[in-house]
Structures are given as structure tokens and as C-alpha cells.
Amino acid sequence: MINRLILIAGFLTCILGCNGDKAPLDNPSQGNIVIAADESFHPLVTQLTSAYSGIYPNTHFKVVFKPEQEAINMMLHDSARLVFVTRTLKPNEQAVLNQRKIKGAAEKIATDGVALIVNKANTDSLVTMDELNGIFHGQIKQWSKLKGGNQTSPITLVFDNNNSSNLEFVLNKFNVKDVKSLRIFTTHSNQEVIEFVRKNPSALGFIGVNWISDSDEPLSVELARDLRVMGVSPKANPTKRDDYFQPFQEDLGMQRYPLRRPVYILSRETHPGLGGGLINYIARDAGSLIIRKLGLWPRIPYDRVINLTK
């Protein structure tokens, strides 16, 4: 009898010990995951994850900001559960997940815009898509070739990183294959682009608009100081100011701003976990209010019910 009791106790200990070795799976209300995001979405991702953790204190997000391609590579190699980027996976990237029998998912959450910023001393705050095409194909190199400007120096194009979504988006938009002949300068972040433009009247900077569009955020207000956000016209020969549009909420939502782009969350999650909880909060819950607050256009607006009483 004693031997049987010892065997049973040992069996139960083994079962409990084996189960204890397995880390519990995260779920929408608790857990820890890594998120990678393109650096141009720093304000957006920071506010969204902070708000979610405020609702669910047992959730923790380690957010890593990288150029877009590096962020996607982190997810493909299981170093991040989710990524915030401007595109879906390419076929060769999806193949990496397929080899691991991971379906993956892509959720569009918003429409964003690449903002063109110039020094406040530069009075040229309007540009057409044709003129931008000429700039990126080396046909327009001087500010004096643009209408309405007071600068005579060469145009310096300023981006946050060689592999950033801002640069890739603009090059694809204008079908640029070779940048060797262009006067391009890259920094290390969108904030550094802003600081460079603030000091250099000849600079034309390209940033994610969420860096400067939140009028309630002190950093956003400070960063927007001493800058002009250029209006961009899709017309070759605009005749009035209303032919130009800026990358702010209404012009993004009405699809009038020519340099708009989608914001996606890509996921490799294989169970109903914390990543899915965050996506649902952003795409189908109050997270869209934060997107709207930041000046972007949420894909699914958050319905608010207002009861009026006499």
C-alpha cells in the first residue's frame, strides 16, 4: 500500500511539474508581447498601446521602432507578434509564414499621409504632383524653379531612414528606380527630420503626419513650431488655393490628399491572444477615437450614442 501511494504521489508530481514548465498563453486581457512598428508611426502606436494597457493593467507591450522592412522581418522571424506598417506582405514574405504553417493576418486600421514640411522662412508652401515628379526625376533641382518661393538654393530632400516607409512610399509613388542623382539626406527618425528642416530653409522634409497633427499633445505642438506643411495639388495647373490639399483628417478621409497611404497591422498570432485583443480594440472599438485624435482617418469610425433629453 505504501509503495502504491508513493507511486501515485510521484505521478501527480510529474504531471504538475510538467504543466508548470509550460508558460501560460497570453489572452486579450493579460500577457506580454513584442510589437514592431515603422518609426513614422511612433506617436500612433505609443498612444494606442498605452490606452489598451490602461484598460487591461495585466497586459504589457514591448514596442520596437524600426524602418518598415526591418519591422516586417522581425515578425517573419518570430521576434515580434504584430507590426504596424503601410503595406501587406509580399508573396516571398508570406511564403516564410506558410513554411511554418502560419496563416497570418492583415488588418487595415487607418488612412495616413506623408506630410511635406518646409522651414517657416520658406514661403513656398504649395506644390503640385507634377512638380514633385520633376523633383524626384532630377528635372527640378532648385527652389527657384517652383512658383511662389523665396529660396534660390538647391532642394534637399530629407527622410528619416534609407529603408523607411516614407522613402519607399514616395519612390514608388513617382516610380523612381535610381536615387543617385538626387540630393537626398537621411537622418535617424522623423523627429530628426523635423529638427533638420527647422534649421535649413533649403530642406524639403517627409514625415508621417501623426508626428505633428495632435493639437492636444505638447510634443506634437512643439514639433510643428516654425514649420510649414505644404499643400499638394493633384492638378497639373491649379488655379486656386482650394486645388491644394494637406495631409490632415478631412482631406485624408475624403481621399483628396494625393500622398495618402494605408496603415496596416500584420499579425502572426496563432491563438486568440493579446495581439488579437489589441487589433479588435483598434479596428472595432474605442481605439479608432485615438486614431481620429491624432488627425488620421480610421477605417471603421467608432459609433457614439448620444441621448438627448428635454
Does at least one position in the range 232-242 carry a residue that is modelled with pLDDT under 95, farther than 28 Å from TYR52 by Cα and hydrophobic (A, V, I, L, M, F, W, C)?
-> yes
For the range 182-232, enumerate the residues that are small (Gly, Ala, Ser) and within 24 Å of GLN139 (Cα to Cα).
-> SER202, ALA203, GLY205, GLY231
Filter result (out of contact with any strand residue (DSSP E or B) (no Cβ under 9 Å at 6 or more places or on another chain) and touching a residue at least 60 places away in the same chain (Cβ under 8 Å)) within the range 28-54 = GLN47, ALA51
Among the residues of the range 197-209, is any in contact with a strand residue (DSSP E or B) (Cβ under 9 Å, 6 or more places away or on another chain), without any contact (Cβ under 8 Å) to a residue 40 or more places away in the chain, part of a loop (DSSP other than H, G, I, E, B) and surrounded by 15 or more Cβ atoms within 10 Å (Cβ to Cβ)?
-> no
Filter the range 105-120 down to the residues that are more than 19 Å from the chain's Cα centre (by Cα) and open to solvent by less than 30 Å² (accessible area, probe 1.4 Å), then identify the one that is nearest to PRO298 (Cα to Cα).
-> VAL118
Considering the range 77-90 alone, what residues qualify as being touching a residue at least 40 places away in the same chain (Cβ under 8 Å) and within 20 Å of LEU274 (Cα to Cα)?
-> ASP78, SER79, ALA80, ARG81, LEU82, VAL83, PHE84, VAL85
Return the residue satisfying two criteria in turn: it lies in the range 244-268 and is assigned to a strand (DSSP E or B) and open to solvent by 30 Å² or more (accessible area, probe 1.4 Å), and of such residues it is nearest to ILE72 (Cα to Cα).
-> TYR264
Return yes when LEU48 is modelled with pLDDT of 95 or more, part of a helix (DSSP H, G or I) and under 16 Å from the mean Cα position of the chain (by Cα) and no when it is not.
-> yes
List pairs: first in the range 164-187 and basic (Lys, Arg), second open to solvent by less than 90 Å² (accessible area, probe 1.4 Å), Cβ under 8 Å, 6+ apart or cross-chain?
-> LYS173/LEU259; ARG183/PRO154; ARG183/ILE155; ARG183/THR156; ARG183/LEU157
Pairs, please: C-beta under 6 Å, at least 6 apart or cross-chain, first residue under 16 Å from VAL209 (Cα atoms) and in the range 251-267, second among the hydrophobic types (A, V, I, L, M, F, W, C) and not in a strand (DSSP E or B)?
-> PRO258/MET129; ARG260/LEU252; ARG261/PHE169
In the list SER29, SER79, SER53, which residue meets the criterion of being open to solvent by 60 Å² or more (accessible area, probe 1.4 Å), hydroxyl-bearing (Ser, Thr, Tyr) and modelled with pLDDT of 95 or more?
-> SER79
Mind listing whichever residues of the range 218-243 are open to solvent by less than 90 Å² (accessible area, probe 1.4 Å), outside any helix (DSSP H, G or I), touching a Lys or Arg at 6+ places or on another chain (Cβ under 9 Å) and on the phi < 0 side of the Ramachandran plot?
-> LEU227, ARG228, GLY231, PRO234
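The values are calculated or read from the model by the stated rules, or taken from the named source; none is laboratory data. In this text the structure is predicted, and so the values were computed from the model without any measurement. Note that each Cβ is placed from the backbone with ideal geometry, even for glycine, and that neighbours are counted across all protein chains shown. Areas reflect the complete protein model, heavy atoms only, side chains present, ligands, DNA and RNA absent. Shrake-Rupley method; radii C 1.70, N 1.55, O 1.52, S 1.80 Å.
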